[in-house]
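Data block below; observations after.
The values are calculated or read from the model by the stated rules, or taken from the named source; none is laboratory data. Everything numeric here is computed off the predicted structure, so don't read it as measured data. With ideal geometry, Cβ positions are generated from the backbone for all residues, glycine too; neighbour counts draw on all protein chains shown. Keep in mind that these areas ignore ligands, DNA and RNA; they rest on the heavy atoms of the full protein, side chains included. Shrake-Rupley method; radii C 1.70, N 1.55, O 1.52, S 1.80 Å.
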Amino acid sequence: LSYSDMESSNQSNENFSETETSESQNQEQQEQQEQQEQQEQQEQQKRLEQQQRDQQQREQAERDRLANEQRENQRRQQELNTPKKLNIGQISWSRSPKPVYTNKDLQGSNRIIVVSIEADAKGSITNVRVIKSSGLSALDEKIVRAVKGAKFKPYKENGIAYPFKADQPFELTLNSNG
């Protein structure tokens, strides 16, 4: 081999070596780029998953808030519908009961009857029952009818009307006129 052939061969080897190195570097760069893209995709996937978890947490928090609000509204509604137990002095009649009875109805003696009265938030009487009888069922019935025909003024607390119940005694006395 001549010197020029050897030199040419060395150059070819160098060129081949450079090409091989260049290809190797390109392959490494491509692999690095692929790894980087893969890492970016993984990070993007993690971000998306985190965003989904965050969204689910927000949605659950909103469901919890709405459920709590609904429970509170139900509690308030139940409170508004549950009659408050009051003393008769805490409420006033807008149309008081006017029981009509005679000395004959009293059968010769003064009588006392106590009735339990329930009224709605408007003061309309919804239920009346005898809790202490006068001893005479016909007289008790007259008092119950008279109370059912009466009406209370609405009972309010902080501007909110509530249903209520109260016990009302009636003292029935003999009329001196007979």
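Here are the numbers for this structure:
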read-out: Accessible surface ranking that places the most exposed of Lys84, Lys153 first, with a 1.4 angstrom probe; value: Lys153, Lys84
read-out: Degrees between helix 3-81 axis and first principal axis of the chain (Cα, 0 to 90, nearest 10); value: 0 degrees
read-out: Rounded accessible area per residue of the stretch 94-171, 1.4 Å, Å²; value: 56 Å²
read-out: Crossing angle, helix 137-148 versus the chain [Cα axis fit, 0-90 degrees, rounded to tens]; value: 50 degrees
read-out: Those aspartates and glutamates that a straight Cα-Cα span of less than 19 Å connects to Lys132, excepting residues fewer than 8 apart in one chain; value: Asp105, Glu118, Asp140, Glu141, Asp167, Glu171
read-out: Accessible carbon and sulfur surface of the chain relative to its total accessible area, %, 1.4 Å; value: 43 percent
read-out: Expected 222 nm ellipticity per residue - DSSP helices of 4 or more, -39500 (n - 2.57), all of the chain, to 500; value: -19500 deg cm²/dmol
read-out: Unit charges on C-beta of K, R, D, E only; dipole of the chain, Debye; value: 5000 debye
read-out: Interchain or long-range residues, amide H under 5 Å from Ser134's placed H; value: Asp140
read-out: Volume per residue of the C-alpha convex hull in the chain, rounded to whole Å³; value: 154 Å³
read-out: Whole-angstrom gap from the stretch 146-178 to the stretch 107-124, using each part's C-alpha centre; value: 7 Å
